Amino acid sequence: MHLMDAEAEQSKIVDFGMMLKGPAAQWHAKHLHGSFVTFEALKTKFLQLFDRQVEQKELVNQFYTTYQEEHETVSQFIIRF
C-alpha cells in the first residue's frame, strides 16, 4: 500500500469514529490506533459487532408502534405482527 493510500485509509478510520456515539464510539476509540490497516477491515469487524444490535433495536421499536387495525381480527393482527 502506498503512503498516500495508507494515509487516506487512516483518515477514513478516524473520520468514521467522529460520527459514532455510545458503545460504538467507545469501541472505536479503543481500536483507533493501529488495530486496523484498512477501512474495509474496520467496517467488517464493526458490522459483526453492532449490526445485530441495530436489528434488535429496530424490532423492539416496531413492537411498540404496531397496533391492531380497526377492521382487523386478532388472528390477522397476529399474522401481520
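Using the Cβ of residue 8 as centre and a radius below 15 Å, the other residues enclosed give a net charge of -3, where K and R count +1 and D and E count -1. Judged by the mean number of other Cβ atoms found within 10 Å, the most tightly packed of the peptides 14-27, 66-79 leads the ranking 14-27, 66-79.
A short reminder: the numbers here are calculations on the coordinates, not readings from a lab. All values derive from a computational prediction rather than experimental measurement. We place every Cβ from the backbone using ideal geometry, glycine too, and count neighbours over all the protein chains shown.
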